[in-house]
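Structure first, then comments.
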Amino acid sequence: MSEKTTPEPQATGRNSAPEPIDTRVPGVTTSEAVASDVVLDTAGGQMPPSAVPAATQRRGRDHDRDGSGSVLHQIFTGNAMVSFLSVLLAIVLGGILMAVTNPKVAVTAGYFFAQPGDLLTEVIRPYTALVQGSIFNWAGADLAAQLYPITETLTVATPLICAGLGVALAFRAGLFNIGAQGQIIFGALFGAYVGFAWHLPIGLHLLVVILAGLVGGAVWGGVVGLLKARTGAHEVIVTIMLNYIANFLLLFLLTTPAFQRKGSTNPISPFLDPTALFPELLGPQFRLHAGFLAAIAATAFVWWLLNRSTIGFEFRAVGANPSAARTAGINVARSTILVMAIAGALAGLAGVAQVSGTEKYLSGGVAASIGFDAITVALLGRSTPWGTFFAGLLFGAFRAGGVAMQAQTQTPIDIVLVIQSLIVLFIAAPPLVRAIFGLNPRKKKTTTSGTAGSRTGDVKSGAAV
Amino acid sequence: MAGVATLGASALLLTGCGAAPSASGPSGSATASDYTACMVSDSGGFDDKSFNQSGYEGLQSAVKDLGIKEKHVQSKADTDYDPNLRSMVQQGCKLTVTVGFLLGDATKSIATANPNSHFAIIDYNDPTFPKNVKPIVYDTAQAAFLAGYLAAGTSKTGKVATFGGINIPTVTIFMDGFADGVKHYNEKKGKSVQLIGWDKDKQDGTFVGDFKQVDKGKVLTQGFLDQGADVVLPVAGPVGGGAGSAILDAKSKGKDAKLIWVDSDGYLTAPDYKSVILSSVQKTMSTAVETVIKDDKDGKFDASPYIGTLANGGVALAPFHDLDSAVPADLKSDLDQLKKDIISGTVKVESKSSPTK
Amino acid sequence: MVGRTVSLTLDKAPAKAGDVTFKVRNLTVTDHNGQHVVDDLSFDIAKGEVLAIAGVQGNGQTELTEAILGVQPHVAGSVALDGEELLGRSVKHVLGAGVGFVPEDRTLDGLVGTFTISENMILDLYDKAPFARGVGMKPGVIAENAARKVEEFDVRTPSVSAAVGTLSGGNQQKVVLARELSRPLRLFIASQPTRGLDVGSIEFVHKRVIAERDHGTPVMIVSTELDEVLQLADRIAVLYRGRLVGIVPATTSRDVLGLMMAGVPAAEAEASAAAHVSGATTAAVSEPAGHEGESHV
Amino acid sequence: MALGWICSVLLLALAGYACFLTVKRRRTPGWLGGIFAVVFLIGFMIWIVAGGRDPEPSISLGGLMAGAVTLAVPLVFGSLSGVLCERAGVVNIAIEGQLLLGAFSAAVVATVTANVYVGLISAAVAGALVSLVLAVVSIKYLVNQIIVGVVLNVLISGLTSFLFSTLLTADPEHLNKPGRLQAVDIPFLADIPIIGPILFRQSLVGYLMYVAVIVVYVGLFHTKWGLRVRAVGEHPQAADTVGINVNRTRFINVLMGGAIAGIGGSFFTLVSVDAFSKDMSGGRGYIALAAMIFGRWNPIGAFLAALLFGFADNLQSIITIIGSPVPSQFMAMLPYALTVVAVAGLVGRSRPPAADGIPYVKG
């Protein structure tokens, strides 16, 4: 019995929930923190989720609420310092990694104590480029060139947000959707085909393309839900396998005349009709397209779905306690199928954003690694819609900045992966960061006090609804 | 991670006691130039032991020989091409070389938007390219044809094999040429050497599925050897190493098998396997890249496509090196004659994947 | 356990049993091994009457209630409420037909621990008016409803937005009751309604159950606590290994019930208990006691 | 061809029976899965070979099996790592990272020290290092294990690719030229026809695989230690009350799992091929994860599942070598499709250890 009645510790970042005021950074005022609380509570809705699929945990565990955390929340509330330090730590570690591997730095390090500035310059240069490539390029010739980086960030973030929402939504219903990759491919496949093979009037065409992409993703996601609901097949296995199958299917189709350009044997589809493309938002010199607006709309939709609709209520109930959901008359099988279909549709939208917005054609690498990045994005966003949105922006910035960094300083873009993952790791584990910086005086009690702190945090954030 | 970091930091400290150099410019051997040539890889990256790497070597030798500046960026995914190209233009590149057909569309659109910059693209030609793009393409099938003939002529088991990374034209053009070479040998000599792993009519065969799983390339090659093949042509970038490894294993068990490398002369670029490398189907990309850069620097850029053939030395069959003795003299003379015939057009080499002229 | 030492007594008026509206006929539940865990059960419950299901834990009670609710997969027989067949219908349909259901394990089946009290208060009403219109939900109405119920059922909580998992067991059970008793019922089923609760909460729960009975609802209580059974029941049905040992009046003695729970048929148990009282120990007592031990498994 | 039709009918019948059982909510017996797999393969091969252009297709069974085992080795190590971690209640998504860092470390250390055995040990250490991060962050700091696993995979991929681009390609001669662990014959056993060369002509890593499978199996199910581990994975509270240190047990298991996966990674660079290359594990960590679930969290089951996958993978390659009417891209789907069919149609609901993925906090 104790097993059932003892409240289980929350599996995720419960220790990252708001800390008592006294540990707050002096610079962050309480009012700011409260303001962000409010933002977050409208964002996260009534019930901040567990980022852990409960179904992959045990049925009927009495989970505590998750600390109401998304990235923003983390950054602006009591843990602002920790978040800041997390980023700092990741950047420093990334810097060290760049330093020890850069032959130029090796040269400057040789006379480090004679001219320490040289070494620092060599390490800071890539980061400067990163900012220049993702937010604002002060060296740009005109305003357009200066603002180009931020638009690029938004462009790159668009599919990440959409696919991230798909992963997050499934998470909330207790399903670990590793299959965004395959669902993006299907969305792109359907969308692109309708985009180049059908010729419809302006306006209608784009609409049909989006619809086709949503359907494509929904089919590929829905299959997972169907298999899970009908046969009990583990969704992790099925999604991994379906990713491969989707990829090979795409590669096959690109060798068929139906998908190849006229007179070409290269595995690239024709360009989509101009009527099938997302309109450019800021003119042709920017890549930013209306797909970004679709991503915002998708985020708002998912927020509404989860927090204001009966369907979302079912999803969340099934995710948090499938057994109680069943007892309350919720059709768990139907929920599973539906949530995977919607998750797939969201990933499919990411595919449409790729073919109809950014790339304008279909190729074998159309999904890049977006489907996998989306998992990290959703996890960093704590599976809340707006959390995922901002996490997607952050990753978009890193990706866009990474390109500029590589171009300017020849630093391999892989470093961005390292820094990104370190940030996620550190932000998820504030006590670790505090321990590294020696900020936690009661070291021995780290885990327990963290847990208790988050419990109070839970109640508090719950009370804010 | 922390361990690595501390280690690195302490290493820095330990070595950080030298004297600073006086403030002088970079000490290049050639005269420094403001001319910057750039390169963007496809998602394979510059260390793909294949065409990205060859192209990159061309850029490097241009830097060395011409004293120019260079910048290069690797694309991690297909979605990186456009931003990478843009940033190269922003970095003030006079000439940007892009590698692979996947960059075709991005190159075209960026080139159209930046008519004052020059571009060159390897392995792709599009008749609608603007006037500032120079396509560099190779009729690889010609050299692969020779390789097929060579393989058939040296095979003792009467079976030769090939496999690819993914079924795409830049890969299958090797396989097409190879298949025709084998066929030509059979017709000429009345033999029936069999090719496994590629069906030219159906344009399908054996593929690893990506360019990463080197160990799978090894198992595949073992499969070929089990089927009785004794000459293998892997067209799969780094995965070719797996084939080399399998053949080395077979050789250590007393089996006689040989490898034909692709893109570069494997005897030089993959020295681990030089004892089993019969020859290589070379695309002399580095030379082409260097030439294009030199021409552009000298103000002689032109957008007419460069098509590497046996005639202009753009593609070639590499020397036999250590396995020279394994190739009979009459086969060598046959190959020389065949090369002349291909150049003169008496022997036609056709592949669906051959570049459009 | 607590109930026994404190020896709670419940003031309850005699049942005013009305028409029989709930009929179970030949209900059989088969588990995945093909065993009949509920075996050919037939009984009725009238309006305004409490039928208590007594028995040692694991003798088919869980499966019985779950079969009525519709979550047991392999069922046969008939369960009729007001003439409508419920067996084979979805849980949603059964609940919609006016069945109030308090599961035996509130944390496992009754509540979603990470949900707020507001949300748990509408766990099976979330898609019904006035809480939803179409697929849209109405947070205002939901919060208001929760506030009212918290007041009415005396749930001790700082806020209706608190996660239900942070409440004590008694308060959690009150949330379940508040939810299940908040709509017009035609049948009320409560399993182990007071398991793990403190004295005050037990008393409260019992009062609410009897109030529902007096309201004219047929009530089915499943409990392994004999005290609770005796306090609440108007009639007692004893289950043993999935079969009905017998249905006896609430006045039946503890000893007889004890024997019945060990599988001894009612008549035999009466006789045996009488003999036991007169001092003569019989083999009949010790033999089924052995069975009882097994049935714990 | 007639046999092919018979197989098809049999398959349909079996699938129908399985569906019937599933609908009836009865457990599909294990033998059904076995029969299905065998008939499926026979039918598939007949179908493929019948359309092949080679008049006398000659699939060498020995070669087929040997290749299958080779492809399965990293999967087996990876899935054992998963079994060890998850039996103790820690979800290990980081298998991919453990394999990759193991491969990287083996290549670099073996080159630098010019000793393959040191390389092998370093691979185990590298795998354990990944596990250490997983353990510290998820057990001590209670971060969601899935997050940590996913993030670690990205981190290791980025780190090894970065170091490969910056250091290893610059000087492969001194950093990325490990020697080889040669295959060693076991006397007599290696001479058994067909299975001898497949099973007993392995490298050290191959033999370690057998040892690992047996040790993990016996350890988990036939020792006191294993009982404790499983108790921790199923019911940590109960384990705690009988005096088992839950988190220490988890910590140790996760480290051991990492070391095992690391050794699996060394197979890539020390046995299979001669150098490290970017992302060379190619997603096999995820397949290993699937194999572990497919094998129902049991070392023997995981071993067989990994073998089945390796077999299907090699089978499809060999079939494309012989030539088949099916496009190669569809052949390439075979192992993945087979896994889906097997998991959905035959294995059905599998139950992970009860406390899998849930951090344990005393009290």
Exercise. Shape of segment D:67-320 from its Cα gyration tensor (a ≥ b ≥ c, root eigenvalues): rounded if a/c is under 1.5, otherwise prolate when a/b > b/c, or oblate?
Worked result: oblate
Problem set entry | Nearest-0.05 FRET efficiency for A:A297 and A:A141, computed from C-beta distance (R0 35 Å) | 0.55
Problem set entry | Charge tally in the Cβ shell below 15 Å around B:T79, where Lys, Arg are +1 and Asp, Glu are -1, B:T79 excluded | -3
For this session: Taking the Cα centre of segment C:59-130 as origin, sum charge times position over the Cβ atoms of Lys and Arg (+1) and Asp and Glu (-1), and report the length of that vector in debye to the nearest 20.
Result: 120 debye
For this session: Name the long-range amide H neighbours of C:V38: under 5 Å, sequence gap of 5 or more, or other chain; modelled H, no Pro or chain starts.
Result: C:V29
Problem set entry | Angle between chain C longest axis and helix C:199-214 axis [Cα atoms, degrees, rounded to 10] | 90 degrees
Problem set entry | FRET efficiency, C:D198 to D:Q237 (Cβ-Cβ, R0 22 Å, nearest 0.05) | 0.45
Exercise. If amide H atoms are built 1.01 Å from N in the plane of the peptide, which residues on other chains or at least 5 residues away come under 5 Å of the amide H of C:G113?
Worked result: A:H63
Exercise. Which of the peptides A:219-228, D:195-204 is most tightly packed, and how do the rest follow, going by the mean number of other Cβ atoms within 10 Å of each residue?
Worked result: A:219-228, D:195-204
Problem set entry | trypsin sites (Lys or Arg not before Pro) within segment B:239-286: DSSP coil, no more than 12 neighbouring Cβ in 10 Å | B:K253, B:K255
For this session: Output ³J(HN,Hα) for segment D:131-147: one whole-Hz value per residue in order, computed from phi by the Karplus curve 6.51 cos²θ - 1.76 cosθ + 1.60 with θ = phi - 60°, and x for Gly and Pro.
Result: 4, 4, 4, 4, 5, 4, 5, 8, 8, 6, 9, 6, 6, 3, 5, 5, 4
Problem set entry | Long pairs among B:K212/B:K255; B:K218/B:K253; A:K262/B:K200; B:K69/B:K294; A:K262/B:K297, criterion Cα-Cα beyond 24 Å | B:K212/B:K255; A:K262/B:K297
Exercise. Residue farthest toward the positive end of the dipole of segment A:189-325, with Cβ of Lys/Arg at +1 and Asp/Glu at -1: which of A:Y244, A:P274, A:A197?
Worked result: A:Y244
For this session: Step through the table entries B:K258/B:K339; B:K191/B:K251; B:K71/B:K108; B:K283/B:K339; B:K134/B:K348; B:K202/B:K352, compare each Cα-Cα distance with 18 Å, and write down the pairs that go over it.
Result: B:K258/B:K339; B:K191/B:K251; B:K71/B:K108; B:K134/B:K348
Problem set entry | Net +/- balance of residues flanking A:A343 in space, Cβ distance below 15 Å, scoring K and R +1, D and E -1 | +2
Exercise. Residues of C:80-93, mean number of Cβ from any other protein chain within 10 Å of their own Cβ, rounded to a whole number?
Worked result: 1
Exercise. Mind checking the mean number of beta-carbon atoms from other chains within 10 Å of the Cβ atoms in A:203-215?
Worked result: 0
For this session: Among the lysines, select those whose C-alpha is under 28 Å from the C-alpha of D:K362, and discard any that sit fewer than 8 residues away in the same chain.
Result: A:K4, A:K443, A:K444, A:K445, A:K460, D:K140, D:K224
Exercise. Mind checking the mean number of beta-carbon atoms from other chains within 10 Å of the Cβ atoms in A:224-235?
Worked result: 5
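We did not get these values from a lab; they are worked out from the coordinates using the rules stated. Being a predicted model, the structure only gives us computed values, none of them experimental. Here the Cβ is made from the backbone with ideal geometry for all residues, glycine too, and neighbour counts use every protein chain on show.
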